[in-house]
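Below is one structure, written out as structure tokens; comments come after it.
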Amino acid sequence: MNKIMLISKLNPQDYTDEKKKIFFLLGGMNIPTIENKIIDILRKSELVGLSDIVLKYNGIELNINTQKIPNIVKLLCKENISIYSIYQFYNPDL
């Protein structure tokens with residue numbers, strides 16, 4: 001596991017449709033039923049396309065615009081999915 005991680009600031013006033021890779025650190029990702037539940041929840045919500053979801057060992061990376069973050073949080077909390085942090089990795093190429 002990395003001890004140092006660079007992240008970009010999220011701007012809550014960003015109302016553009018520009019998609020960014022936003023990472024959600026979630027609990028229970030080591031349990032296959034939780035992984036499947038998360039995918040099902042996101043697929044049914046139609047907030048995120050399947051091609052915009054990347055499963056990681058400790059969370060999910062979603063290719064979404066900034067204004068969808070609160071809706072994703074509400075959706076996951078409603079389904080009792082533990083969220084530990086949300087951030088965008090720093091990409092110097094931007």
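The values are calculated or read from the model by the stated rules, or taken from the named source; none is laboratory data. Only a predicted model underlies this, so the values are computations on that prediction, with no experimental measurement involved. For neighbour counting, all protein chains shown are included, and Cβ atoms are generated from backbone atoms with ideal geometry for every residue, glycine included. Protein only, heavy atoms only, side chains kept; ligands, DNA and RNA dropped before computing areas. Shrake-Rupley method; radii C 1.70, N 1.55, O 1.52, S 1.80 Å.
Look at the Cα gyration tensor of region 8-49: its axes a ≥ b ≥ c give a/c of at least 1.5 with a/b at or below b/c, and that counts as oblate. Label-to-label distance, residue 67 versus residue 83, with points set 7 angstrom from Cα along the beta-carbon direction: 1.7 nm. Once you have a ≥ b ≥ c as the square roots of the Cα gyration tensor eigenvalues for the chain, tell me rounded if a/c is under 1.5, and otherwise prolate or oblate according to whether a/b is larger than b/c. Note, shape of the chain comes out oblate. Can you list the lysines whose alpha carbon sits under 25 Å from that of residue 74, skipping same-chain ones fewer than 8 residues off? Candidates past the 8-residue exclusion: 9, 19, 20, 21, 37, 44, 56.
Here the accessible area of region 37-90 is 51 percent carbon and sulfur, with a 1.4 angstrom probe and all protein chains present.
The 1.4 Å probe gives accessible areas that order 53, 72, 31, largest first, as 31, 53, 72. Look at where the Cα atoms of region 23-42 and of region 65-94 average out, and the two centres are 13 Å apart. Heavy-atom accessible area, probed at 1.4 angstrom with all protein chains present, ranks 24, 89 as 89, 24, highest first.
Sorted largest first by accessible area at a 1.4 angstrom probe radius, with every protein chain in place, the residues 87, 15 fall in the order 15, 87. Normalised per residue, the accessible area of region 1-55 is 75 Å², obtained with a 1.4 Å probe and no contribution from ligands, DNA or RNA.
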